[in-house]
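Peer 1: Here it is, the structure, as structure tokens.
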Amino acid sequence: MPTHPSFDLIARPYRWMECLTLGRSLEHCRLHFLPNLLQQRRALILGDGDGRFLAELLNQNSRLRADAVDTSGAMLHLLSQRCEVRAPNASTRLTTHQANALTCPLDGPYDLVVTHFFLDCLTQPDLEILINHIAPTLSQDALWLVSDFHIPNGLMRLPAKILVRSLYLAFRILTNLRTTKLPNHASPLQKAGLTQIARQHRLAGLLVTELWQFQSAAR
Ligand SMILES: C[S@@+](CC[C@H](N)C(=O)[O-])C[C@H]1O[C@@H](n2cnc3c(N)ncnc32)[C@H](O)[C@@H]1O
């Protein structure tokens, strides 16, 4: 059993596991704000998994250069292959880094950060370390796109709690992920100078995708 989580084993079946559990809902979340990202030039993509989002982003934004960071070599391999197929010149515009996003050296400034279903792999203290690590590399008005699971209020609260618990249990067994509850990303993002500018939810609030914008206090 590895000490650190490893997504290598589930890299190939990840897409099908996702489709079997939640259909195309995650994919709709990832792509919802894509039209808002076509003017960005320098992106930091954290834990994008098999690269379905990044391939589409590079395809639709032909002037974007991206750094993709992931601890899983198998995921990064799939991501590179997928980007190469979907986007012209992807190899000249994409740099992959097999590294921990909390500590990897960063080559900013970035005008876009993307974390789709990645922040929920982190504990609250690690999430805060990550945001403090990234914030100094953001350019003025940079966008941060976040998609994550969410526990809504009302009738869906209990089913959502049960589903999220089951997913964490499955990831614990399959990847050794030790996180057990959804962290709160809103407060640390606000503290770091970001403001939520758009939000969309799916499946009665179980999935959210949010666009945040950075504005330096020293403006
Ligand atoms: C749950 S998957 C999400 C994949 C994809 N973003 C999506 O939308 O489905 C989490 C991804 O983050 C990566 N990951 C987990 N912890 C990480 C860390 N500390 N640093 C970098 N990547 C990490 C995993 O290897 C995996 O590819």
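Peer 1: Pairs under 6 Å by beta carbon, first residue more than 13 Å from GLY47 (Cβ to Cβ) in the stretch 5-17, partner among the hydrophobic types (A, V, I, L, M, F, W, C) and open to solvent by less than 50 Å² (accessible area, probe 1.4 Å), six or more apart or different chains?
Peer 2: ASP8/ALA74
Peer 1: Can you find a residue in the stretch 69-80 that is free of Cβ contacts under 8 Å to residues at least 60 places away in the same chain, more than 20 Å from CYS121 (Cβ to Cβ), surrounded by 16 or more Cβ atoms within 10 Å (Cβ to Cβ) and more than 12 Å from the ligand (Cβ to nearest atom)?
Peer 2: Among the residues of the stretch 69-80, at least one is free of Cβ contacts under 8 Å to residues at least 60 places away in the same chain, more than 20 Å from CYS121 (Cβ to Cβ), surrounded by 16 or more Cβ atoms within 10 Å (Cβ to Cβ) and more than 12 Å from the ligand (Cβ to nearest atom), which makes the answer yes.
Peer 1: Here's something else I'd like to know. Look at GLU84 and say whether it is open to solvent by 70 Å² or more (accessible area, probe 1.4 Å), farther than 27 Å from LEU38 by Cβ, away from the ligand (no atom under 13 Å from the Cβ) and in a helix (DSSP H, G or I).
Peer 2: On the way: open to solvent by 70 Å² or more (accessible area, probe 1.4 Å): yes; farther than 27 Å from LEU38 by Cβ: no; away from the ligand (no atom under 13 Å from the Cβ): yes; in a helix (DSSP H, G or I): yes.
No: the conditions fail for GLU84.
Peer 1: Looking only at the stretch 119-150, how many residues end up being closer than 21 Å to LEU177 by Cα and either open to solvent by 20 Å² or more (accessible area, probe 1.4 Å) or not hydrophobic (A, V, I, L, M, F, W, C) (or both)? Full working, then the answer.
Peer 2: Filtering the stretch 119-150 for residues closer than 21 Å to LEU177 by Cα gives 119-131, 146-150.
Then keep just the ones that are either open to solvent by 20 Å² or more (accessible area, probe 1.4 Å) or not hydrophobic (A, V, I, L, M, F, W, C) (or both); that gives 120-121, 123-126, 128-129, 147-150.
Qualifying residue count for the region: 12.
Peer 1: Does any residue of the stretch 155-176 turn out to be under 18 Å from the mean Cα position of the chain (by Cα), within 16 Å of the ligand (Cβ to nearest atom) and within 18 Å of LEU130 (Cα to Cα)?
Peer 2: Looking through the stretch 155-176, none of the residues is under 18 Å from the mean Cα position of the chain (by Cα), within 16 Å of the ligand (Cβ to nearest atom) and within 18 Å of LEU130 (Cα to Cα).
Each row is one residue, and each column tells you yes or no for (1) within 18 Å of VAL146 (Cβ to Cβ); (2) out of contact with any Gly (no Cβ under 9 Å at 6 or more places or on another chain); (3) not small (Gly, Ala, Ser).
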position: LEU22; (1), (2), (3): yes, yes, yes
position: CYS29; (1), (2), (3): yes, yes, yes
position: ASN36; (1), (2), (3): yes, yes, yes
position: LEU46; (1), (2), (3): yes, yes, yes
position: ASN61; (1), (2), (3): no, yes, yes
position: ALA66; (1), (2), (3): yes, yes, no
position: ARG86; (1), (2), (3): no, no, yes
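Peer 1: May I pose another question? When HIS28 is evaluated against the numbered criteria (1) touching a residue at least 40 places away in the same chain (Cβ under 8 Å); (2) surrounded by fewer than 18 Cβ atoms within 10 Å (Cβ to Cβ); (3) more than 9 Å from the ligand (Cβ to nearest atom); (4) assigned to a loop (DSSP other than H, G, I, E, B), which criterion, by number, is the only one it fails?
Peer 2: It is condition (4) that HIS28 fails.
Peer 1: Continuing with this model, one more query. Take the stretch 115-148 and flag every residue that is β-branched (Val, Ile, Thr), closer than 23 Å to GLN200 by Cα and more than 8 Å from the ligand (Cβ to nearest atom). Let's see the steps before the verdict.
Peer 2: Applying the first criterion (β-branched (Val, Ile, Thr)) to the stretch 115-148 yields 115, 123, 129, 131, 134, 137, 146.
Within this subset, residues satisfying the condition of being closer than 23 Å to GLN200 by Cα are 115, 131, 146.
Result: ILE131, VAL146.
The values are calculated or read from the model by the stated rules, or taken from the named source; none is laboratory data. Since this is a predicted model, take the numbers as computed values, not measurements. Note: ideal-geometry Cβ built from the backbone for every residue, glycine included; neighbour counts use all protein chains shown. Remember, those area values only see protein heavy atoms, side chains included, never the ligands or the DNA or RNA. Shrake-Rupley method; radii C 1.70, N 1.55, O 1.52, S 1.80 Å.
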